[in-house]
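The values are calculated or read from the model by the stated rules, or taken from the named source; none is laboratory data. Nothing here was measured: the structure is a model prediction, and the numbers come from that model. In this analysis, Cβ positions are derived from the backbone assuming ideal geometry, glycine residues included, and neighbour counts consider all displayed protein chains.
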Amino acid sequence: MRQGIWDEFIVKDQTVDSFLKIYEKVLKDNEFEFKEKKQDGEILRHKAIWGEGKKAFKRSILPGGALTKKGNRYASEVEISQQGKDVRFKILMIPYMSLHDRPEICILTQGPMERHMDDEYCKEKMFKIVMDLRENELEMISQT
């Protein structure tokens, strides 16, 4: 099962396109790299990654490497859909290795402290993104 955190918002008086422009700018400003964007019926699914692969690999083999921010990678997965004149925005922030949705093996196995730190860093990343979105004068109402 994926770890990490999620939240869901209603963004008032926006279209999917206008919100997506703001969201992508916020991600870029926060050093995320776009991975994938696809339309699935009425839902737009968007994925972006933060962090470098080489550093994350080194983190997985060095003792205590998982406890540093710089040695981690995170994915922002969102679903965006139009609801009348508003946008529904669901965001999931997860450690990037968790995207495989399978147990870690061998040197990639995490202990409880590493999992806790991953969740804490995910919270920080998501909070920063949500606050940056609100700085763009978006009226966002949490649904959780």
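Residue count for segment 1-33 satisfying the condition of being polar (S, T, N, Q) and without any contact (Cβ under 8 Å) to a residue 60 or more places away in the chain: 1.
For segment 8-51, a residue qualifies if it is part of a strand (DSSP E or B) and in contact with a Phe, Trp or Tyr (Cβ under 9 Å, 6 or more places away or on another chain), and the qualifying residues are 8, 9, 10, 11, 32, 33, 46, 47, 48, 49, 50. Out of the residues in segment 107-144 that are outside any helix (DSSP H, G or I) and of a type in the set (Ser, Thr, Tyr), which is modelled with the highest pLDDT? The qualifying residue modelled with the highest pLDDT is 142.
Within segment 117-139, the set of residues being buried (at least 19 other Cβ atoms within 10 Å of the Cβ) and closer than 16 Å to residue 15 by Cα comprises 133, 138. Where residues in segment 42-57 are of a type outside the set (Phe, Trp, Tyr) and at pLDDT below 70, which of them is farthest from residue 126 (Cα to Cα)? Only one residue fits best here, namely 54. Does residue 97 meet the test of being at pLDDT 80 or above and either among the small types (Gly, Ala, Ser) or part of a helix (DSSP H, G or I) (or both)? When the stated conditions are applied, residue 97 does not pass them.
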